[in-house]
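In what follows, a single structure is set out as structure tokens and then discussed.
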Amino acid sequence: MPLPFDDKVFWVTGASGALGRATALLLAERGATVVASGRSVAETDFGDAPRIDRLPVDVTDDASVRAGFAALLERHGRIDGLVASTNVGAFADFLELTDDDWLRVIQAKLLGSVRPVRAALPTLIDQAKGAIVLISGRGGIDPPPQHFPGASVNAALDLLAQSLGRRYGPDGVRVNAVAPGPIQSPRSARLAGATEERKRFSRTATPGPGLPADVAEAVAFLLSDAAKFVNGSRLYVDGGGQPYA
Ligand SMILES: NC(=O)c1ccc[n+]([C@@H]2O[C@H](COP(=O)([O-])OP(=O)(O)OC[C@H]3O[C@@H](n4cnc5c(N)ncnc54)[C@H](OP(=O)(O)O)[C@@H]3O)[C@@H](O)[C@H]2O)c1
């Protein structure tokens, strides 16, 4: 029986992380060949998932990203979609954060999304079809405590998805953002455990926990032809945000 993503090739950055890995697994399960990136992706356990091709890339290094994309094209001949899901943590009070803290987040998440998009876009445009999903975060409109660089970059990525969608929609390329709220993962566990204020912030109107697979489902939708008229948008996967009570 044919699978929805048979013959598709998707590139997932941050595939060694919780959300990127879940996304890579779901896309592969649905028939895609998934090029899975991350600096440590060689050590990532994808179980016995079929058609996952590990491709170590450092998204803070434009040459590494370009070489990675060239390798992807050489191995697979095409690309149908890109999911950008990288980040590093920098949680602290504003006055404690240094320029280096800000720059680490900007490098890994903002420019770490810009670089793979820039590498893949010309091919997607040549093919006159493609989809890009940037993983931003609910913090882009509703910043959790001590999430200054990450929340700012999430807002920037949401705007980038909208502006790229408008710019390249006429070329057949859709660009959307998925904005997760608190998702059960090693990263969110570290955060939720840190302070009472953050614990409160991780409560959601729809009882959680939100799972990496919930984010992966949203990404799969946006990559699919079912979303062919969805462009420049931001899809929250956050259980509706915080409850009123
Ligand atoms: N989990 C949540 O609750 C949540 C909520 C809202 C938003 N988000 C966002 O969702 C995205 C994924 O989150 P996550 O929970 O999966 O985070 P994670 O488990 O910490 O994974 C982060 C990923 O980024 C990659 N990465 C970091 N620096 C890199 C670099 N220089 N080059 C290449 N890859 C790099 C890491 O790979 P290597 O270390 O192997 O390079 C890893 O695969 C992030 O953008 C995060 O901000 C997550």
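Rule-based calculations on the coordinates, nothing more; no lab input. Bear in mind the structure is a predicted one, so any value in this text is a computation, not a measurement. Ideal geometry is used to build each Cβ from the backbone, glycine not excepted, and the neighbour counts take in all protein chains shown.
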_Give me the percent relative contact order of the chain, please, defined on Cα pairs under 8 angstrom at least 6 residues apart._
18 percent
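At a 10 Å Cβ-Cβ cut-off, how would you order H147, H76, fewest neighbours first?
Ranked by crowding around the Cβ, least crowded first: H76, H147.
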_On C-alpha positions alone, give me the angle between the axis of helix 111-127 and the longest principal axis of the chain, in degrees, nearest 10._
30 degrees
*For the Cα atoms of the chain, what angle does the longest principal axis make with the long axis of helix 212-223, in degrees from 0 to 90, nearest 10?*
40 degrees
_Which three extents, in angstrom, do the Cα atoms of segment 24-108 have along their principal axes, listed largest first?_
47, 27, 22
_the chain: radius of gyration and largest Cα-Cα distance (Dmax), Å_ = 17.1, 57
*Straight-line reach from K8: which aspartates and glutamates have a Cα under 14 Å away, not including same-chain ones fewer than 8 places off?*
E29, D53, D80, D225
*Going by how many other beta carbons lie within 10 Å of each one, how would you line up D61, D53, D48, fewest first?*
D48, D61, D53
*When the Cα centres of segment 198-223 and segment 1-54 are compared, how far apart do they sit, in Å?*
19 Å
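Could you give the longest part of the chain that holds none of the chymotrypsin sites (Phe, Trp or Tyr not before Pro) found in DSSP loops with at most 12 neighbouring Cβ atoms within 10 Å?
It works out to 1-228.
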_Cα-based convex hull volume of segment 77-159 per residue, rounded to whole Å³_ = 86 Å³
_Cα-based convex hull, segment 65-119, per residue volume (Å³, whole number)_ = 76 Å³
*Using all C-alpha to C-alpha distances in segment 1-45, build P(r) with 10 Å bins and read off the rounded percent in each one.*
33, 51, 15, 1
*Assigning unit charges at the beta carbon (Lys, Arg +1; Asp, Glu -1) and nothing else, what dipole magnitude in debye, to the nearest 20, does the chain show about its Cα centre?*
360 debye
*With everything on Cα atoms, drop me the angle between helix 62-76 and the longest principal axis of the chain, reported from 0 to 90° to the nearest 10.*
40 degrees
